[in-house]
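Student: I have a structure I would like to understand better, so I am pasting it below and will then ask my questions one at a time.
The values are calculated or read from the model by the stated rules, or taken from the named source; none is laboratory data. Bear in mind the structure is a predicted one, so any value in this text is a computation, not a measurement. No Cβ is skipped: glycine too gets one built from the backbone with ideal geometry, and neighbour counts run over all protein chains shown.
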Amino acid sequence: MARPRQGESVIVVALFLGRLNGVQKVPVEHLPLEIKQELVGSIAVLHVFGRLTIGEPSEQLHECLAGVKANGRKCIIVDLNAVPQIDSSGISALVRISIALNRNGGALRLVCKPGRCHDALTVTRLVEAIPTFDTEAAALRSFETLPLYFCFCPLCESRSDPPLEDRTAAWWQVQTCTHCDSRFYVTAEFSSQPQAVLQSLKIFPYGKGAQEEFVELTAGPPISLHVVGRLDLFTLGALRDALRTVPAPRKALIDLARITETTAAGRDALIAFVANCEAKDKFVICLEGLPSSRSAIFSVDSRFVQPSKKAALASLGPVTNTSPWLVRIERLV
């Protein structure tokens with residue numbers, strides 16, 4: 001018996017002597033998955049051939065997509081017109097790379113004409129999450145209408161929404177991080193190299209479901225950090241994260257005028273944090289505007305706590321030489 005050529009499927013039929021009482025199912029070895037890559041401008045196009053199912057095929061696709069992304073490609077098209085079957089494992093591989101691209105300012109498009117594969121994408125509602133087209137030409141055209149720039153969260157570096165669609169706009173709409181839910185305002189500058197200057201940053205220590213309590217940084221000079229709501233260890237974590245985004249040398253006024261409650265533990269943790277940062281940063285706690293019923297707990301002997309904004313600014317020292325508070329932006333295509 002001649003050996004099959006490479007790439008051919010192999011069907012093994014067992015013949016038995018005697019009477020056959022039925023039809024025996026014969027195992028079939030499917031063709032291996034094949035992925036061909038090409039570049040159309042800056043857009044990577046992957047043509048997939050074969051069944052995209054659990055096991056090696058899905059992992060092969062995921063590794064290929066991850067490799068394309070690692071090479072700096074932000075816009076990817078996956079052509080599934082030659083895929084006769086896709087299961088949840090193959091769909092998962094597409095979802096994972098789509099999320100990764102979106103967080104980094106990229107986009108995924110699918111090409112899949114009506115048929116069994118398209119039915120699977122429709123039933124799982126993937127066509128609602130990832131734009132899907134009948135032809136490669138239509139998928140390529142969809143990138144022409146994408147926004148100019150995406151902004152990235154100063155906290156976690158994930159992509160934020162909405163993007164900038166008008167180069168002449170000075171202020172972007174309020175940005176919301178797609179990963180950590182922080183919110184921030186930026187101004188855009190396009191005179192030489194595109195850049196965005198952070199004007200304010202708001203973090204929600206108790207999650208986006210408790211938006212009445214937050215930590216907010218506002219541009220200066222000096223940069224000010226406002227604590228709204230409870231002052232506790234959760235708030236302190238958000239406070240640390242917010243101050244970490246301030247460019248060195250870090251100087252900021254911590255305004256407690258709108259705290260609603262605190263504890264001795266919360267107070268001590270905040271003062272200890274400010275004291276520990278003194279070697280390279282300068283932060284001062286300001287109590288101006290805080291009712292006496294709440295400020296009494298801060299009646300401690302600490303040079304890091306000041307009763308008025310004037311005294312806090314004097315303690316903070318010169319703040320005119322601070323570096324620009326920049327946020328990363330990138331053009332999609």
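Student: With respect to Val197, is the statement that it is under 18 Å from the mean Cα position of the chain (by Cα) and surrounded by fewer than 20 Cβ atoms within 10 Å (Cβ to Cβ) true?
Tutor: no
Student: Within region 60-104, which residues are hydroxyl-bearing (Ser, Thr, Tyr) and surrounded by fewer than 17 Cβ atoms within 10 Å (Cβ to Cβ)?
Tutor: Matches in region 60-104: Ser88, Ser89, Ser92.
Student: Within region 19-33, restricting attention to residues that are among the aliphatic types (A, V, I, L, M) and assigned to a loop (DSSP other than H, G, I, E, B), which residue is modelled with the highest pLDDT?
Tutor: Ranking the qualifying residues of region 19-33, first place goes to Leu33.
Student: Every residue in region 34-56 that is surrounded by fewer than 18 Cβ atoms within 10 Å (Cβ to Cβ), touching a residue at least 40 places away in the same chain (Cβ under 8 Å) and assigned to a strand (DSSP E or B), please.
Tutor: Correct list: Val40 only.
Student: Only one of these is buried (at least 18 other Cβ atoms within 10 Å of the Cβ), assigned by TED's automatic domain parsing to the domain that holds Leu46, within 25 Å of Pro163 (Cα to Cα) and small (Gly, Ala, Ser): Ala139, Ala120, Ala129. Name it.
Tutor: Among Ala139, Ala120, Ala129, only Ala139 is buried (at least 18 other Cβ atoms within 10 Å of the Cβ), assigned by TED's automatic domain parsing to the domain that holds Leu46, within 25 Å of Pro163 (Cα to Cα) and small (Gly, Ala, Ser).
Student: With the requirement that a residue be within 25 Å of the chain's Cα centre (by Cα) and in contact (Cβ under 8 Å) with a residue 12 or more places away in the chain, what does region 112-125 give you?
Tutor: Those that are within 25 Å of the chain's Cα centre (by Cα) and in contact (Cβ under 8 Å) with a residue 12 or more places away in the chain: Leu121, Thr124.
Student: Which residue pairs have Cβ atoms under 9 Å apart, sit 6 or more places apart or on different chains, and have a first residue in region 270-297 that is over 22 Å from Thr260 (Cβ atoms) and a second that is in a loop (DSSP other than H, G, I, E, B) and among the polar types (S, T, N, Q)?
Tutor: Listed pairs, sorted by first residue: Ala275/Ser302.
Student: Then there's this: Got a sec? Which of Lys208, Lys251 is of a type in the set (Lys, Arg) and in contact with a Pro (Cβ under 8 Å, 6 or more places away or on another chain)?
Tutor: Lys251
Student: Quick test of your reading of the structure: Phe283 fulfils all but one of (1) more than 29 Å from the chain's Cα centre (by Cα); (2) closer than 30 Å to Asp161 by Cβ. Name the failing condition by number.
Tutor: (2)
Student: Output the residue which, of all residues in region 85-104 that are outside any helix (DSSP H, G or I) and modelled with pLDDT of 90 or more, is farthest from Pro154 (Cα to Cα).
Tutor: Once the filter is applied, the top-ranked residue is Gln85.
Student: Shifting gears a bit: Which residue, of Arg294, Arg328, Arg303, is among the charged types (D, E, K, R), out of contact with any Lys or Arg (no Cβ under 8 Å at 6 or more places or on another chain) and within 30 Å of Pro163 (Cα to Cα)?
Tutor: Just one listed residue meets the conditions, Arg328.
A quick yes/no check of all residues on (1) assigned to a strand (DSSP E or B); (2) of a type in the set (Asp, Glu):
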site	(1), (2)
Arg230	yes, no
Thr235	no, no
Pro249	no, no
Asp268	no, yes
Phe273	no, no
Glu288	no, yes
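Student: Can you list residue pairs whose Cβ atoms sit under 7 Å apart, with the first residue in region 302-316 being under 11 Å from Leu256 (Cα atoms) and the second being at pLDDT below 95 and exposed (fewer than 15 other Cβ atoms within 10 Å of the Cβ)? Count only pairs 6 or more apart in sequence or on different chains.
Tutor: Within 7 Å, no pair qualifies.
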